[in-house]
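Novice: Before anything else, here's the structure in question.
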């Protein structure tokens with residue numbers, strides 16, 4: 001009988017701990033935010049004028065602490081999940097500009113790098129958006145970078161059909177943040 005009472009108390013204790021976690025989960029705070037940076041691409045006339053495509057590269061650093069909501073909950077963030085990664089053309093100072101197939105976008109930190117490579121050409125016009133798809137858990141890998149809560153780098157490199165052009169692209173990571181202030 002003593003053993004039965006001890007087992008019953010042990011089960012009650014285990015149940016109370018799991019109930020506390022469920023109750024604590026009720027107080028989760030969820031919010032959406034977009035972490036973004038600007039890729040300022042300046043393609044100049046190359047030394048060799050016989051080229052048909054012109055290479056470029058650009059990068060920017062994003063610090064999650066620059067987002068007010070993330071900064072407020074930084075010590076209580078349980079996880080950050082990625083819903084979308086979107087490249088948006090904010091400015092282009094020429095017409096008929098095209099990024100060639102093989103151009104890539106990256107998100108990286110000192111541990112991981114996630115790369116998307118364009119399978120086809122991308123016409124660059126102000127307001128054009130390109131959603132970088134979740135291929136083979138790429139969003140999960142980006143979430144791992146975000147969950148380190150440290151600055152990370154976004155970048156692009158590739159080729160373009162024109163020279164003497166300036167392009168500004170915003171790369172945004174649409175993020176769902178789950179925090180618990182308890």
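The values are calculated or read from the model by the stated rules, or taken from the named source; none is laboratory data. Remember, predicted model here, so these are calculated numbers, not experimental data. No Cβ is skipped: glycine too gets one built from the backbone with ideal geometry, and neighbour counts run over all protein chains shown.
Novice: Within segment 113-161, how many residues turn out to be touching a helix residue (DSSP H, G or I) at 6+ places or on another chain (Cβ under 6 Å) and in a strand (DSSP E or B)?
Specialist: 2
Novice: Test residue 106 against the criterion of being under 19 Å from residue 40 (Cα atoms), in contact with a helix residue (DSSP H, G or I) (Cβ under 9 Å, 6 or more places away or on another chain), modelled with pLDDT of 95 or more and outside any helix (DSSP H, G or I), and give yes or no.
Specialist: So residue 106 fails the test.
Novice: Let me ask something additional. Quick one: is residue 80 more than 25 Å from residue 157 (Cβ to Cβ), in a helix (DSSP H, G or I) and touching a helix residue (DSSP H, G or I) at 6+ places or on another chain (Cβ under 6 Å)?
Specialist: no
Novice: Taking segment 25-51 as the region of interest, how many residues are within 28 Å of the chain's Cα centre (by Cα) and either closer than 28 Å to residue 87 by Cβ or at pLDDT below 50 (or both)?
Specialist: Residues that pass the stated criteria total 14.
Novice: Would you check if residue 70 is outside any loop (DSSP other than H, G, I, E, B), touching a helix residue (DSSP H, G or I) at 6+ places or on another chain (Cβ under 6 Å), at pLDDT below 95 and surrounded by 14 or more Cβ atoms within 10 Å (Cβ to Cβ)?
Specialist: Judged against the criteria, residue 70 is a match.
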